[in-house]
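Peer 1: Before I ask anything, here is the structure I am working with.
The values are calculated or read from the model by the stated rules, or taken from the named source; none is laboratory data. These figures come from a predicted structure and were not determined experimentally. Note that each Cβ is placed from the backbone with ideal geometry, even for glycine, and that neighbours are counted across all protein chains shown. Just the protein is used for accessible areas: all its heavy atoms, side chains included, with ligands, DNA and RNA removed. Shrake-Rupley method; radii C 1.70, N 1.55, O 1.52, S 1.80 Å.
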Amino acid sequence: MSPPVRVFADLDGASAALARHVADRAQAAVRDRGRFSIVLSGGRTPLPLFRRLARGGGSGIPWRATDVFFADERCVPPDHPDSNFRQAWEALLSRVPIDRRRVHRLRGELRPISVAAARYARLVGRARVGGPSAPRFDLVMLGIGPDGHTASLFPGSPAVEERRRSVVAVRRSGLAPFVARLTLTPPALASARDVCFLVAGDDKSSVLAAILSAGPDGDPALPASRIRPPHPPTWYLDRAAAAELSPRRSASA
Ligand code: 6PG
């Protein structure tokens, strides 16, 4: 079954729809299991979504029962301009009534970075939402780069083929900022009840078309295509990113 694709006129429209979806999933998770766990993407694309959630766009998110994790982090201090944590903290997490202890930051400043990765892996290992065989997360949100990477899983990196560990250190970043990274691995990112990609801009239209047409096991050269949760990810796109999808695939939401 081909992954669900929702196309909007612009990033703001896609962000508004995703904000509503996050709120729906959060309320259902807390109703059914007493808590909601979400993994936030880095990069610039999610900023309008973060701001909308902070303003109440995801009205009714039970922040006091929410745990926030991060898909990846640059190996910089948390107050560094390149820090994914800093971006999410400033745009969203400092503006909502979340328990600071439930914001689980990837400690990009720790050295050696292998220790930082192992430390987060232990945290993720405890992050089951339900029984021992339940997924680790309720919702994982991701972006993609023009090279087809997601999180900090870059084409050609051994991290793309990691099947055992949930978090690894990536010493060579495939795109700026060219710093070492910490990233959740494909099995960790796929251990979710729901995975949503948010993609905008014409610089991603070609790689997006390639990702969505990758075979059932994905394409190792396109790491975003290798994220295979139990239920296919939903793609929230603006029209520019969807420009190379077939008319059938890119029917507006
Ligand atoms: C990161 C992100 C990365 C991001 C894509 C898209 O740390 O950079 O996790 O995977 O989602 O590179 O970035 P933009 O949204 O800035 O285009």
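Peer 1: Which whole-Hz couplings ³J(HN,Hα) result when phi for each residue of the stretch 156-169 is put into the Karplus expression 6.51 cos²θ - 1.76 cosθ + 1.60, θ = phi - 60°, listed in order with x for Gly and Pro?
Peer 2: x, 7, x, 4, 5, 9, 5, 10, 9, 7, 9, 9, 9, 8
Peer 1: Moving on. Stretched out fully, how many nm does the piece from ARG33 to ARG64 gain, at 0.36 nm a residue minus the Cα gap?
Peer 2: Working: separation 31, 0.36 × 31 = 11.16 nm, distance 1.38 nm.
Taking 0.36 nm per residue and subtracting the Cα distance, the gain is 9.8 nm.
Peer 1: Once you put a point 7 Å from the Cα of ASP79 and another 7 Å from the Cα of SER94, both along the Cβ direction, what distance in nm separates them?
Peer 2: It works out to 1.0 nm between the two label points.
Peer 1: Apply the Kirkwood formula to the stretch 160-253: the hydrodynamic radius equals the inverse of the mean of 1/r over all pairs of different alpha-carbon atoms; give it in Å with one decimal. Before the final figure, lay out the partial values.
Peer 2: Working: mean 1/r = 0.0688 Å⁻¹.
The Cα-based Kirkwood calculation yields 14.5 Å.
Peer 1: Averaged over every viewing direction, what's the projected area of the C-alpha convex hull for the chain? Give it in nm², one decimal, please.
Peer 2: Mean orientational projected area (the chain, Cα hull): 12.0 nm².
Peer 1: Next question, about the same structure. Once the other residues with Cβ under 12 Å from the Cβ of ARG31 are scored (Lys, Arg +1; Asp, Glu -1), what is the net sum?
Peer 2: 0
Peer 1: Return the calculated 222 nm mean residue ellipticity for the chain, to the nearest 500 deg cm²/dmol, obtained by summing -39500 (n - 2.57) across DSSP H runs with n ≥ 4 and dividing by the residue count. Before the final figure, lay out each step's value.
Peer 2: Working: 6 runs with 65 residues, N = 253.
Calculated at 222 nm, the ellipticity per residue is -7500 deg cm²/dmol.
Peer 1: Just to be sure I understand the model, the point goes 7 Å from the Cα along the line to the Cβ. What's the resulting ARG172 to ALA253 distance in nm?
Peer 2: Using points 7 Å along Cα→Cβ, the separation is 3.7 nm.
Peer 1: Viscosity 0.890 mPa s, temperature 25 °C: what is the translational diffusion coefficient of the stretch 1-64 from Stokes-Einstein with a Kirkwood Rh over Cα pairs, rounded to a whole number of µm²/s?
Peer 2: After rounding, the answer is 194 µm²/s.
Peer 1: Would you mind putting 225-232, 198-205 in packing order, based on average other-beta-carbon counts within 10 Å, highest first?
Peer 2: 198-205, 225-232
Peer 1: Would you please put 133-139, 97-103, 190-196 in order of how densely packed they are, using the mean number of other Cβ atoms within 10 angstrom per residue and starting with the highest? Can you show the working numbers first?
Peer 2: Values: 133-139: 20.3, 97-103: 12.9, 190-196: 22.6.
Descending mean neighbour count gives 190-196, 133-139, 97-103.
Peer 1: Let me ask another. Which peptide among 236-242, 212-218 comes first, and what is the full order, when sorted by highest mean count of other Cβ atoms within 10 Å?
Peer 2: On the way: 236-242: 24.7, 212-218: 13.3.
Result, highest mean Cβ count within 10 Å first: 236-242, 212-218.
Peer 1: What is the spin-label model distance, in nm, from ARG102 to ARG44 if the labels are put 7 Å beyond Cα along the C-beta direction?
Peer 2: Between ARG102 and ARG44, the simple spin-label model gives 3.2 nm.
Peer 1: To continue, here is another question. Kindly report the accessible area of the stretch 1-104 per residue (heavy atoms of protein chains, probe 1.4 Å, no ligands, DNA or RNA), in Å².
Peer 2: On a per-residue basis, 43 Å².
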